Amino acid sequence: DAGVIQSPRHEVTEMGQEVTLRCKPISGHNSLFWYRQTMMRGLELLIYFNNNVPIDDSGMPEDRFSAKMPNASFSTLKIQPSEPRDSAVYFCASSGTGGGNQPQHFGDGTRLSIL
Amino acid sequence: AQSVAQPEDQVNVAEGNPLTVKCTYSVSGNPYLFWYVQYPNRGLQFLLKYITGDNLVKGSYGFEAEFNKSQTSFHLKKPSALVSDSALYFCAVRDDDYKLSFGAGTTVTVRA
């Protein structure tokens, strides 16, 4: 049973470049979350989709960040232009119907380094 | 807003000894509580949850957690720790309909 799949696992790029992170949620899950993890700030929720619709993007740090979910099996998180302070591990998670009582299933993350 | 606190940054135990990772919560209504574990270079893995019912919740890998309403605690326990249990553990509480508020995490080291 495939879990949440994220790509790439590692990304190193120069400041100012566009970065696109990808996520395939678990089939049948209708909620999708993007998180950022850093030593200083811990886990931060960036955006939440339900049934492919963005419900809460209050955690998106700036206009440089955008996220899309064109269908139930794919989501992207884009940073343009990237900055060194964006360096972090970005996780995608999905959960099934049942709302907040359902556990979130996390991918293994994308480790992003902006030089 | 709901929140959880993990008072210990690190917990060190010998293999075979009991393991406890502490978590306290603050909620305005009924608490919905979760424990997750994170191994190096991996995502968070769900261990167990408390929604309602028995105060002792059993989860994956031999872990259990005890919900204590009077002490507003949800401590994670394992009777006999393994070296492979060394990892980062997160307590979380449901906030709003879908958000999870995570604690800062507790690093568990089990020595052989």
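Values in this text are rule-based calculations from the coordinates and carry no lab data. Everything numeric in this text was worked out from a predicted model, so none of it was measured. Ideal geometry is used to build each Cβ from the backbone, glycine not excepted, and the neighbour counts take in all protein chains shown.
Give, as ranges by residue number, the residues of the stretch B:69-110 whose backbone N falls under 17 Å from the point 7 Å along Cα→Cβ of B:ALA1. Zone members listed by number: B:91-105.
In percent, rounded to a whole number, the relative contact order of the stretch B:27-112 is 26, using alpha-carbon pairs under 8 Å and six or more apart. Entry note: the stretch A:31-83 has Rg to Rh equal to 0.97, where both radii use alpha-carbon atoms and Rh is the Kirkwood radius.
Note: the stretch A:2-115, Cα convex hull, 93 Å³ per residue.
Just check the stretch B:26-69 against the gyration tensor rule for me: Cα atoms, a ≥ b ≥ c as the square roots of the eigenvalues, rounded for a/c under 1.5, and otherwise prolate or oblate depending on whether a/b exceeds b/c. The shape class here is oblate. Size descriptors for the stretch A:73-115, from the alpha-carbon set: Rg then Dmax equal 13.5, 41 Å. Gyration tensor analysis over the Cα atoms of chain B returns equivalent ellipsoid semi-axes of 23, 15, 12 Å (largest first, whole Å).
For the pair the stretch A:75-115 and the stretch B:27-94, the centres of their Cα atoms are 22 angstrom apart. Beta bridges from DSSP with both residues in chain B: antiparallel share about 85 percent, rounded to the nearest 5. Given in Å, the Rg to one decimal and the Dmax to the nearest whole number for the Cα atoms of the protein assembly as shown are 17.7, 53.
In the stretch A:12-115, Cα pairs under 8 Å separated by at least six residues give a relative contact order of 35 percent.
Residues A:ARG111, A:ARG85, arranged from fewest to most other Cβ atoms within 10 angstrom of their Cβ, appear as A:ARG85, A:ARG111.
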